[in-house]
Amino acid sequence: MVYKLSPPDSRNKWSLLVWMLVRTGAVVLLVSVLMLRCWLELSWPVVAVLSAVAVTSAVLLCYWQASGAWRQMQGDTFVTITEAGIMREIPHLNQKVYTAWQEVRRVKLVGSFLLVQMKDDLVWLLPLNNMSPMQRADMCRGCQKYVGSVVPPEKQVPPPACLQSETPRVQQSSVAARAEAADYLILRQQSVLHWLCLILMSMMLTATSVLVVESVLLDDWTCISPCVVCVVVFFMSLQSYLHPGRKMQRWIHSGKTSEVHVTPEYVMVVSPGTSWAVVPKDSVSEAVDARHSYLYGVRGGGIFAVGKEAGPLTSLVQPQRPRRRWGRELFFLVLVPVVTWAVLAYWAFSGREVNDDDYPGSELAAYVEKMTPVHGFPGRLSYCSVYLLETEHKDKEVLIAGWENGISVEMISDLPDESAQSDN
């Protein structure tokens, strides 16, 4: 059965956003409330605001990730579903991808999208906005009855024979090489998350240092819980920043090998017995000379890799050594925390002299000094406050004051009668 799929419209995008809100928002909300209220013991208004920010940020990030695959879709896509497997053809990009059913782990209808998840954690998100709800359900059921079934090699759709070269290059299958390729793939698809991890690391590093210094100086270790949270988040962000492809553990440890066939016009990547993909040579937009292999990026989000033993593919764009951008790490992980610490240290430890004439309690202190037998006693005020105390019989006015030498006083007086004040 062949299905023609149109690019997603605004209604598709809203359905995906609602699904993300239900799927991700509920979990983030529960974790936020438990951590902020039960662990950090913050007030409910603060918990509500921070939880709303956390849920909104998480949902938007997940939505942005999920929609990355189809944001570049400008034309129609054709999906063929048979007992031999599932094939996706994109005519305007001249690309074709086939996968046998044993490589498909789950098929699910998400609003007006069909989610096809492979066993190696790769995902196809197919927009079904041009189909009726009944047609979407039929397409989903048609896929689900084949999911996981083993298709013998003789019944699979073979790769085009005209695109097979006599000397194909083998994609390296070591764990290190596949981890390197996974990092490159996720970095190309989710470059914004790479920046967010760096910013989050800077924030957590600064907050952890401030909390530790505050606990040591004040000898108050109630901040140890948020400090532990900051440290955990910092190391999680650091791991995601250094190895963004760690979420593809199944693909990294699958151990599969692939053959790369290069012809004058096309590049074909074949995983024998499971899948194959065809892309035009001019869609290979970049190449990276990595540590374990040569990585090639395809316009639209895909990648493929070849081993380094025979050198790079001469007919494609030549690989370049990746440039390590030390400047941004230095700015976010060194400069920002140091400047923040310097500002806080200046604010906390700068002891400027206070003029007694400008001292808020100078008039009250002078009045008290006149009533004391020793001039200058008890010294400068540390605090002074006046508030209203409401009782059942009569409201009272309370004045509390304390001095630097530890002496404090609390005076309670009745409020004057309003009728007496009006007579006066």
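The values are calculated or read from the model by the stated rules, or taken from the named source; none is laboratory data. Predicted model only: the values in this text are computed from it and were never measured. No Cβ is skipped: glycine too gets one built from the backbone with ideal geometry, and neighbour counts run over all protein chains shown. What goes into the accessible areas is simple: the full protein's heavy atoms, side chains included, and nothing from ligands, DNA or RNA. Shrake-Rupley method; radii C 1.70, N 1.55, O 1.52, S 1.80 Å.
Computed values, structure above
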| item | result |
| --- | --- |
| Where a residue in the range 156-170 is open to solvent by 80 Å² or more (accessible area, probe 1.4 Å) and its partner, wherever it lies, is among the aromatic types (Phe, Trp, Tyr), with Cβ under 6 Å and at least six apart | none |
| When residues of the range 180-198 are limited to those that are over 17 Å from the mean Cα position of the chain (by Cα) and open to solvent by less than 30 Å² (accessible area, probe 1.4 Å), the one nearest to Val306 (Cα to Cα) | Ala181 |
| Qualifying positions in the range 117-136 - buried (at least 18 other Cβ atoms within 10 Å of the Cβ) and among the charged types (D, E, K, R) | Asp120, Arg136 |
| Residue, most open to solvent (accessible area, probe 1.4 Å), within the range 315-337, restricted to residues that are within 16 Å of Leu200 (Cβ to Cβ) and charged (D, E, K, R) | Arg328 |
| Matching residues, the range 275-313, being more than 22 Å from Gln189 (Cβ to Cβ) and open to solvent by 10 Å² or more (accessible area, probe 1.4 Å) | Lys308, Glu309, Ala310, Gly311, Pro312, Leu313 |
| Residue within the range 19-36 that is under 30 Å from Glu83 (Cα atoms), at pLDDT below 75 and assigned to a helix (DSSP H, G or I) present | yes |
| The range 238-249, residues that are at pLDDT below 85 and among the polar types (S, T, N, Q) | Ser240, Gln249 |
| Output for the range 178-219, where each listed residue is touching a Cys at 6+ places or on another chain (Cβ under 8 Å) and at pLDDT below 80 | Leu211, Val212, Glu214, Ser215 |
| Check on Ser362, surrounded by 10 or more Cβ atoms within 10 Å (Cβ to Cβ), at pLDDT 70 or above and closer than 30 Å to Leu415 by Cα | no |
| Selection within the range 137-155 - farther than 23 Å from His253 by Cα and open to solvent by less than 80 Å² (accessible area, probe 1.4 Å) | Ala137, Asp138, Met139, Cys140, Gly142, Cys143, Tyr146, Pro152 |
| Tabulated pairs, the range 130-146, first in contact (Cβ under 8 Å) with a residue 60 or more places away in the chain, second open to solvent by 70 Å² or more (accessible area, probe 1.4 Å), C-beta under 7 angstrom, 6+ apart or interchain | Gly142/Met1; Tyr146/Glu83 |
